[in-house]
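Chemist: Got a structure for you, written out below as structure tokens; questions coming shortly.
The values are calculated or read from the model by the stated rules, or taken from the named source; none is laboratory data. The model shown is predicted, which means the values in this text are computed figures rather than measured ones. Counting neighbours? That spans all protein chains shown, and the Cβs are built from the backbone with ideal geometry, glycine included. To get the accessible areas, we keep the full protein, side chains included, count just its heavy atoms, and leave off ligands, DNA and RNA. Shrake-Rupley method; radii C 1.70, N 1.55, O 1.52, S 1.80 Å.
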Amino acid sequence: MQDLSNYRKSYDKSELLESAIPEDPINLFNGWFHEIKDQGGTEEVNAMTVATIGLDGFPKSRVVLLKKFTEEGFIFYTNYNSEKGKAIEANPKICLSFFWHSMERQVIIKGIAQRTSEIISDNYFNSRPEGSKLGAIVSNQSEVVPSRTYLEENLKQLKVDFESIVIPRPKHWGGFLVVPEEVEFWQGRPNRLHDRIRYTSQEDFSWKIERLSP
């Protein structure tokens, strides 16, 4: 057993004040995202945690990669038949979170997930490397497999089968667009008095901005 009670650090790299934020959370997210990307220190700035409520009633979170964000929301891709995909289809209320330790920042997004159009999914799938395309076909994501060798042998066979053929997107693989209803920005501050600003979507499509106690 290890006691971690003395693991502490002071957060003092930045601040988040109402006087310096936009009215739209997507604009603030865009600014933070590119600031993190440009200053370095985070290898995959688009890595995020996706939390869902599973068919067994338990919450489950996993790290995936954000592939696009617009004024509409945030897009990632997955196997619709996976544990994650089935959970989202049953309960589209999900949570995305980003932790950018290099700038002592978090973003937490609560929203409703919906499938992207087939055109969007096709376009992204066609942009992927060949190995990633074949991997999406080989993997019955979240299903039990007998061994690593089983997967590798299936991949070898697919490489032969599609040697001179365009690799099509599997119909069970595609994107989810998460339309945000609430976006919280967290900036670490000294003495644990962190800045927390929450944007909440309103019926008139504006955003209510509130400061939360740390």
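Chemist: Can you say whether Ser10 is assigned to a helix (DSSP H, G or I) and either on the phi < 0 side of the Ramachandran plot or surrounded by fewer than 10 Cβ atoms within 10 Å (Cβ to Cβ) (or both), as far as the supplied structure shows?
Modeler: Taking the combined requirement at face value, the residue does not satisfy it.
Chemist: May I pose another question? Within 23 Å of Trp173 (Cα to Cα) and within 13 Å of the chain's Cα centre (by Cα): is that true of Asn81 in this structure? Working first, answer last.
Modeler: Numbers: within 23 Å of Trp173 (Cα to Cα): yes; within 13 Å of the chain's Cα centre (by Cα): no.
In short, no.
Chemist: Among (1) touching a residue at least 24 places away in the same chain (Cβ under 8 Å); (2) out of contact with any Leu (no Cβ under 8 Å at 6 or more places or on another chain); (3) open to solvent by 30 Å² or more (accessible area, probe 1.4 Å), which single condition is Glu210 missing?
Modeler: (1)
Chemist: State whether one or more residues within the range 99-107 are under 18 Å from the mean Cα position of the chain (by Cα), open to solvent by 50 Å² or more (accessible area, probe 1.4 Å), at pLDDT 95 or above and farther than 21 Å from Glu43 by Cα.
Modeler: No, because not a single residue in the range 99-107 is under 18 Å from the mean Cα position of the chain (by Cα), open to solvent by 50 Å² or more (accessible area, probe 1.4 Å), at pLDDT 95 or above and farther than 21 Å from Glu43 by Cα.
Chemist: A further question follows. Restricting attention to the range 159-194, and to residues there that are open to solvent by less than 30 Å² (accessible area, probe 1.4 Å) and aliphatic (A, V, I, L, M), which single residue is farthest from Ala113 (Cα to Cα)?
Modeler: Per the stated criteria, the residue is Ile167.
Chemist: When you scan the range 48-77, how many residues do you find that are within 17 Å of Gln106 (Cβ to Cβ), buried (at least 16 other Cβ atoms within 10 Å of the Cβ) and either touching a helix residue (DSSP H, G or I) at 6+ places or on another chain (Cβ under 8 Å) or β-branched (Val, Ile, Thr) (or both)?
Modeler: Count: 3.
Chemist: Please state which one of Ile197, Ile119 is in a strand (DSSP E or B) and either at pLDDT 95 or above or surrounded by fewer than 18 Cβ atoms within 10 Å (Cβ to Cβ) (or both).
Modeler: Ile197 is the lone residue from the list that is in a strand (DSSP E or B) and either at pLDDT 95 or above or surrounded by fewer than 18 Cβ atoms within 10 Å (Cβ to Cβ) (or both).
Chemist: Quick check: anything in the range 123-142 open to solvent by less than 70 Å² (accessible area, probe 1.4 Å), within 15 Å of the chain's Cα centre (by Cα) and at pLDDT 95 or above?
Modeler: no
Chemist: What are the pairs with Cβ atoms under 6 angstrom where one residue, in the range 97-126, is at positive phi and the other, located anywhere, is buried (at least 19 other Cβ atoms within 10 Å of the Cβ) and among the small types (Gly, Ala, Ser)? Sequence gap at least six, or different chains.
Modeler: Final answer for the pair search is Glu104/Gly188.
Chemist: Here is a follow-up. Which pairs do you get when a residue that is closer than 21 Å to Asn46 by Cβ, found in the range 56-70, comes within reach of a residue that is of a type outside the set (Phe, Trp, Tyr) and in a loop (DSSP other than H, G, I, E, B), reach meaning Cβ atoms under 7 angstrom, with the pair 6+ apart or on two chains?
Modeler: Lys60/Gly54; Leu65/Glu44; Leu65/Asn46; Leu66/Asn46
Chemist: Starting from residues that are open to solvent by 40 Å² or more (accessible area, probe 1.4 Å), assigned to a loop (DSSP other than H, G, I, E, B) and without any contact (Cβ under 8 Å) to a residue 24 or more places away in the chain, keep the ones in the range 23-46 and report whichever is nearest to Ser102 (Cα to Cα).
Modeler: Once the filter is applied, the top-ranked residue is Glu43.
Chemist: Right, another one. Against the definition (touching a helix residue (DSSP H, G or I) at 6+ places or on another chain (Cβ under 9 Å), assigned to a loop (DSSP other than H, G, I, E, B) and more than 30 Å from Glu72 (Cβ to Cβ)), how does Val166 come out, yes or no?
Modeler: No, not satisfied.
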